[in-house]
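Enquirer: What follows is a single structure, and I will ask about it in a moment.
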Amino acid sequence: MIRLDPAERRIAILLAALAGYVDAVGFVASGGFFVSFMTGNSTRTGVGIAGRMGDAAIAAMLIAAFVAGVAAGTLVRRWITRRSMLVALVALCVAIAAATAGYLPVSATLAILAFAMGAENAVLVVAGEAVSLTYMTGTLVKVGQRIGYALAGGDRWGWVPFAILWAGLILGAVAGGMAHHWLGIQALWPAALAALLIAAALFLRERVPARTG
């Protein structure tokens with residue numbers, strides 16, 4: 001986050017909020033599975049193996065879908081390079097999940113969403129490493145690290161960008177939980193629209209020629 005310019009930081013926060021929203025909708029709709037938080041699904045896989053193999057299979061499938069999404073997003077960035085196209089892919093996947101909900105098993109809908117959230121993590125890359133947009137454990141580690149640095153006399157506010165990114169995901173999750181209360185699984189449609197708007201904003205940013213001199 002600290003290596004991103006202000007516009008890129010805003011994009012990161014919006015994408016984190018989108019991930020929180022989609023994760024909340026998926027979590028409530030499925031009764032406790034995640035579409036962006038794979039640490040949670042990893043724990044569910046282990047606990048399921050110990051006693052509930054059906055849950056373990058669903059959690060493992062979501063992990064596989066998420067990893068496939070990361071790989072696909074990485075290839076899109078490598079072959080097409082335009083981040084707007086990658087976010088448009090995320091929007092398309094979320095829209096497909098919304099359109100097919102009720103016709104496909106819930107686990108299939110969750111897998112589509114997990115694929116989309118995995119792909120989202122390839123949108124922002126700094127020095128060859130993806131910026132975490134859908135999971136916040138590493139981000140909270142950075143918050144703690146930079147608070148420690150600040151207490152030791154370093155940058156006083158270096159922790160703030162990471163804390164704001166985390167807050168973006170939390171606010172998105174709040175919105176997703178509320179939206180599911182009113183709309184059920186169809187709460188995914190606003191997420192698809194939001195992703196499409198982010199893709200449009202990125203597209204316009206990509207069309208602006210870089211300044212020289």
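The values are calculated or read from the model by the stated rules, or taken from the named source; none is laboratory data. Quick caveat, the model's predicted, so the values are computed rather than measured. All Cβ positions, even for glycine, are placed from backbone atoms using ideal geometry, and neighbour counts span all protein chains on display. Ligands, DNA and RNA are excluded from the accessible area calculation, which covers all protein heavy atoms including side chains. Shrake-Rupley method; radii C 1.70, N 1.55, O 1.52, S 1.80 Å.
Enquirer: For the chain, set up a GNM with springs between Cα atoms under 10 Å and report which of Gly46, Gly73, Gly20 has the largest fluctuation.
Expert: Evaluated over the chain, the most mobile residue of the options is Gly46.
Enquirer: Give the value in nm², to one decimal: projected area of the alpha carbon convex hull of the stretch 154-193, averaged over all directions.
Expert: Projected over every direction and averaged, the Cα hull of the stretch 154-193 covers 3.2 nm².
Enquirer: Multiplying the sequence separation of Thr39 and Gln186 by 0.36 nm and subtracting their Cα-Cα distance, what value in nm do you get?
Expert: Difference between extended and current length: 50.3 nm.
Enquirer: Same structure, new question: Working out 0.36 nm times the residue gap between Val67 and Leu171, then minus their Cα-Cα distance, what length gain in nm do you get to one decimal?
Expert: So the chain would gain 34.9 nm between Val67 and Leu171.
Enquirer: Using a probe radius of 1.4 Å on heavy atoms only, what accessible surface per residue do you get for the stretch 13-71? Whole Å² is fine.
Expert: Per-residue accessible area for the stretch 13-71 comes out at 40 Å².
Enquirer: Okay, moving on. Show that you can apply the helix-only estimate: for the chain, add -39,500 (n - 2.57) for every DSSP H stretch of four or more residues, divide by all residues, and state [θ] at 222 nm to the nearest 500.
Expert: Mean residue ellipticity at 222 nm (helix-derived): -25500 deg cm²/dmol.
Enquirer: Can you pull the semi-axes for the stretch 1-106, root of five times each eigenvalue of the Cα gyration tensor, sorted largest first, whole Å?
Expert: For the stretch 1-106, the semi-axes come out at 28, 16, 14 Å.
Enquirer: About its Cα centre, how strong a charge dipole does the chain have in debye, to the nearest 20, once Lys and Arg get +1 and Asp and Glu get -1 at the Cβ?
Expert: For this selection, approximately 460 debye.
Enquirer: With the full set of protein chains in place, find how many percent of the accessible area of the chain is carbon and sulfur; take the probe as 1.4 Å.
Expert: On the chain, the fraction of accessible area on carbon and sulfur atoms equals 70 percent.
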